[in-house]
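Derivation of every value follows stated rules applied to the coordinates shown; laboratory data play no part. These numbers were taken from a predicted model, which means no experiment stands behind them. Using ideal geometry, Cβ is built from the backbone for each residue, glycine included, and neighbour counts are taken over all protein chains shown.
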Amino acid sequence: MRSSCPYNGQPSTAKWRDAVARIAPVAVDPTMPAGMSINRQTVVASAGSCFAQHIRNQLVRRGYNFLITEPGPEVLSEGRREDLNYGIFPARFGNVYTTVQLQQLFERAYGRFDPQEDHWADGGAFYDPFRPHVEPDGFPALDDLREDRARHLAATRRMFETLDVFIFTLGLTEAWRSRIDGAVFQVCPGCSVGAFDPARHEFVNFGAKATADALFAFIDGLKEVNPAARVILTVSPVPLAATMTTNHVIEATTYSKSVLRVAAEEARESYAHVEYFPSYEIITATGRTHEVFTGDRRNVTSAAVARVMDLFFQRYAGEAAPTPDAVTPGDRPIAAEPVVCDEEQALRALSKLEQ
């Protein structure tokens with residue numbers, strides 16, 4: 001009796017052969033049909049690591065409805081508002097690197113978590129420990145910081161409650177947190193502002209369970225305040241700039257991205273309104289790092305970013321299919337437009353130690 005193979009009749013087999021083995025590396029397209037769609041009326045919000053800013057930039061540039069709930073004072077020029085981190089994300093929360101940081105942002109916005117570390121004092125100014133770089137020179141008075149924080153968290157609530165689609169880019173597993181109440185900071189205390197206290201601060205490298213648990217908790221919370229919200233998850237292809245583990249940074253990057261990818265997949269499998277977009281795979285599957293990364297082997301080139309975003313808008317907005325060779329601008333890849341990245345603070349701190 002002839003046995004049947006479960007792969008028989010499955011289109012995915014042929015798709016894999018045609019999309020990976022038989023075409024140019026730069027033309028690899030791991031995207032699959034979307035279970036949701038966006039158009040120029042869809043209210044889209046985003047958060048995440050530095051790479052998430054490319055998504056925001058492309059949404060704005062292409063005329064989509066990118067949500068801004070904290071635009072900044074009208075008396076400030078557009079350039080000055082950008083200097084003060086208004087408009088980079090929907091609300092002025094800055095980069096959100098870990099799923100635990102995202103969950104805690106949600107909890108803080110709704111008054112369910114009030115971290116004991118209220119502020120960092122440095123050079124006569126006051127800084128918010130959970131977004132220390134939104135005011136580059138700090139707040140002149142503690143009351144100013146607290147009033148701004150209250151406005152910010154209100155704007156964050158409006159974002160969660162009014163968005164149609166939330167795009168979150170998972171970036172890191174390594175973080176710094178409070179030993180007192182587990183509050184996760186955006187950057188390491190003392191790397192730029194504030195001071196590191198080993199009695200109050202500790203390094204943590206979140207594992208698969210903690211990462212997934214926090215992501216699930218956030219998705220559940222968002223569903224409570226906005227039942228119609230849909231979520232698109234993606235993983236940043238940008239490697240770690242440095243690691244606090246005892247491993248080589250390349251090994252640390254592999255661990256981090258693996259954990260994040262597992263968490264994203266578990267969320268996609270568990271929630272009908274959650275999807276995964278393969279930014280990480282689009283960049284890494286080419287096997288041609290000299291073409292998709294700049295000379296520092298970390299920053300993604302403008303052409304590679306364009307390739308990712310072209311595929312994103314093809315999948316979710318029905319835009320025309322991108323040109324595969326757009327990812328290869330020539331022998332000298334061009335850097336993508338600059339983004340605000342807090343990891344640079346850690347690099348500066350390391351460079352000072354090496355001097």
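The table that follows gives values for the structure above.
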read-out	value
Total charge dipole magnitude, the range 35-354, about the Cα centre, Cβ charges on Lys, Arg, Asp, Glu only, Debye to nearest 20	620
Integer Hz, Karplus 6.51/-1.76/1.60 couplings in order for the range 227-233, x for Gly and Pro	x, 8, 5, 10, 10, 10, 9
Positive minus negative residues near residue 319 (Lys, Arg vs Asp, Glu; Cβ under 15 Å)	+3
Inter-label distance, nm, simple model (7 Å from Cα along the C-beta direction), residue 74/residue 39	3.1
Amide H partners (placed H, <5 Å) of residue 232, local residues excluded	166, 167, 168, 275
Integer Hz, Karplus 6.51/-1.76/1.60 couplings in order for the range 182-189, x for Gly and Pro	x, 4, 9, 8, 5, 9, 5, x
Inter-site label distance for residue 146 and residue 268 at 7 Å from Cα along Cβ, in nm	4.5
Sequence of 292, 165, 225 once ranked by neighbouring C-beta atoms within 10 Å, starting from the fewest	225, 165, 292
Relative packing of peptides 100-107, 207-214 - highest average C-beta neighbours within 10 Å first	100-107, 207-214
3J(HN,Hα) from dihedral phi, the range 290-306, Karplus parametrisation 6.51/-1.76/1.60, rounded to Hz, x for glycine, proline	5, 9, 9, 10, 6, x, 7, 6, 10, 6, 7, 5, 4, 5, 5, 4, 4
Protection-proxy order for peptides 91-99, 131-139, 36-44, 184-192, each taking the mean of Cβ atoms within 10 Å per residue, highest first	91-99, 184-192, 131-139, 36-44
Gain upon complete extension [residue 154, residue 228; 0.36 nm per residue less C-alpha separation]	24.6 nm
